[in-house]
1. Quick check on the range 331-351: of everything there that is touching a strand residue (DSSP E or B) at 6+ places or on another chain (Cβ under 9 Å) and charged (D, E, K, R), which residue is surrounded by the fewest Cβ atoms within 10 Å (Cβ to Cβ)?
2. For the range 244-260, how many residues meet the condition of being modelled with pLDDT of 90 or more and over 18 Å from Ala194 (Cβ atoms)?
3. Which of the residues belonging to the range 521-555 are at pLDDT 95 or above and not small (Gly, Ala, Ser)?
4. Please verify whether Ser531 is among the hydroxyl-bearing types (Ser, Thr, Tyr), surrounded by fewer than 17 Cβ atoms within 10 Å (Cβ to Cβ) and without any contact (Cβ under 8 Å) to a residue 60 or more places away in the chain, treating the condition exactly as stated.
5. In the range 38-54, what count of residues is obtained for those that are open to solvent by 30 Å² or more (accessible area, probe 1.4 Å), assigned to a loop (DSSP other than H, G, I, E, B) and either free of Cβ contacts under 8 Å to residues at least 24 places away in the same chain or farther than 26 Å from Leu168 by Cβ (or both)?
6. Please go through the range 543-600 and pick out each residue that is touching a residue at least 24 places away in the same chain (Cβ under 8 Å), farther than 18 Å from Gly524 by Cβ, open to solvent by less than 50 Å² (accessible area, probe 1.4 Å) and assigned to a strand (DSSP E or B).
7. Among the residues of the range 379-409, write down those that are away from the ligand (no atom under 11 Å from the Cβ), surrounded by fewer than 24 Cβ atoms within 10 Å (Cβ to Cβ) and assigned to a loop (DSSP other than H, G, I, E, B).
8. Looking at Met419, Met413, can you tell me which residue is more than 15 Å from the ligand (Cβ to nearest atom), within 30 Å of His590 (Cα to Cα) and open to solvent by less than 10 Å² (accessible area, probe 1.4 Å)?
Amino acid sequence: MCGIIGYVGHREAEPILVEGLRRLEYRGYDSAGVATLTGPHLHLRKRAGRIADLARFLRDRPAPGCQGISHTRWATHGPANDRNAHPHVSSDGSIAVVHNGVIENYAILKRQLQDAGVIFDSDTDTEVIAQLLEQHYDGDLVDAVRKVLGMLKGTYGLAVVSARQPDLIVGARLGSPLVVGVGVGEHFLASDPAALMGATENVVYLQDGQMCALRADTWHVFDNNHIRIDAPIHRIDWDPIEADKGSFEHFMLKEIFEQPEALENAMRGRLSDEDATSHFGGLNLDARHLRSAERFVFTACGTSYHAALVGEYLFEELARLPVEVEYASELRYRNAPMDRNTIVLAITQSGETADTLAALRESKRKGHHTLALCNVVGSTIAREADGGVYLHAGPEIGVASTKAFCNQVSVLMMLALYMGRMRHLSSIQGLRMLKEVRALPGIVRRALDCHEQVQEIARKYYHVSNMLYLGRQYLYPVALEGALKLKEISYIHAEGYPAAEMKHGPIALVDGDTPSVFLIPSGGVADKVMSNLEEIKARGGPVIAIACDGDEELARHIEERADDVIFVPQVPEYLQPLVSVVPLQLLAYHIAVLRGCPRA
Ligand code: F6R
């Protein structure tokens, strides 16, 4: 995800901008740049590659001035090179723009501008904004931005400066987060409050459709009718120590190891022996309404979608409630019939994912009660849902989501218990579940003991080009998650499948160079998964099995057939996703490190 940071004040902007970009580095990027101003002179410096490359370039060619904007880019329109890096500047060199999001109608706008003689310097959608601003600038940058926004279709978090008004930064938000950092005699603009750590604790979250105008001494926010409003200032609850890598080499590894503690935080104050159930403060739905809910739709993207799939099994088994899980990117454009008693639950770590937000808004528009499971407190989705539950996983800095998945699944488990106890679960069953759920942090801590063994296995397989992840029932979404972690972090092609589906075609992919990771359940369909494993062995595919300890006969059987077996603690089937995902996260991490992939 791209990052934005802007500064206007009394200090040199360049070091503040570069430091802010470093704080956003964890998000991943492939180029970075800054534009600063000294009076009417705009200084543009940008580089493909790491922030260290930009910093080296700035040592030779500093960017002077007390105001500027900067950006880290993940290439979407055009390759990752110096030309396509942000900021983008208008042809006359007067206006610079950094942008997160996608301008959907950029091709039409670009053609119109080119027909009018404008020469473009990059392949990006963002440059269209800079060129349009030059055309519509009439002495007032705020006004020019307002006019140009009216021509854009798509999403944006935007920061703009002009050499003709060098005391001003203009920001705008639609579908891509932006916060104003309020200081004394200085102001900041950022796509993520994390970039402001150490600079200010006071932030103003812009809402969709809002714009801001920042000068050293003033900050103004305008609503979507262009009327100045009093936007509330929030204090960031951010513990800088938590954002430190500590003794870990990468944030991803640190966050994998934080899972036991994250689970404790997710459960704290939410489990009640007295009522043999769980409690949540923010659902904003009374028991009568919850009892009359006939169906849930869970919506999310990526890893959060996989947590939602685990949630589907949990809700159906424990609460006997039908659940449909929809990619948010599909739900937002679908017009599926949903009856009135359907509750829509959005699941998201950041609370800012554009598709999840759009799906939530579409569901609200259709009159459904909406809930959200969010990690980031005060995020847009957390604010816009009718009610919800915070994940309390702590800041997730690593690019790959790990501890948020863990807490999403555990909160879904507690919600399933809550809904189940309202319907058909007895107090005895409720108490048994509470006991099992309370033991989870310790069990996940034990699951982490496989770390060194996983590292060994990673050494065996880090050179492969393809991998398969196979599981059934509760472990099928975990197979999908294992495959996503590997592709995202190590750039190895990986697929997750329900194990029994292999024989319907995909087994053709299996050969001696394609390892399969098998997630073997402790009960239920264990025998069936073992016969799926035989099918893979018959085609000469190497097998890494993840299995629960405790069942000696099954363990022997697996050891005879698999090339490697990682044993995780024995737990009831509905808890297995949380222990089985641990070796998969570690495997993706170690393979990525061995391949020298920078995103770990
Ligand atoms: C995977 C990952 C992504 C996110 C997805 C949704 O490791 O990080 O797949 O899970 O982009 O993000 P949130 O949960 O913030 O809505």
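1. Across the range 331-351, the extreme among qualifying residues is Asp339.
2. Number satisfying all stated conditions: 5.
3. Hits for the range 521-555 are Pro542, Val543, Ile544, Ile546.
4. yes
5. Qualifying residue count for the region: 1.
6. Val543, Ile544, Asp564, Ile566
7. The answer is Asp386, His392, Gly394, Pro395, Ile397.
8. Criteria check complete, one pass: Met413.
The values are calculated or read from the model by the stated rules, or taken from the named source; none is laboratory data. Only a predicted model underlies this, so the values are computations on that prediction, with no experimental measurement involved. We place every Cβ from the backbone using ideal geometry, glycine too, and count neighbours over all the protein chains shown. To get the accessible areas, we keep the full protein, side chains included, count just its heavy atoms, and leave off ligands, DNA and RNA. Shrake-Rupley method; radii C 1.70, N 1.55, O 1.52, S 1.80 Å.
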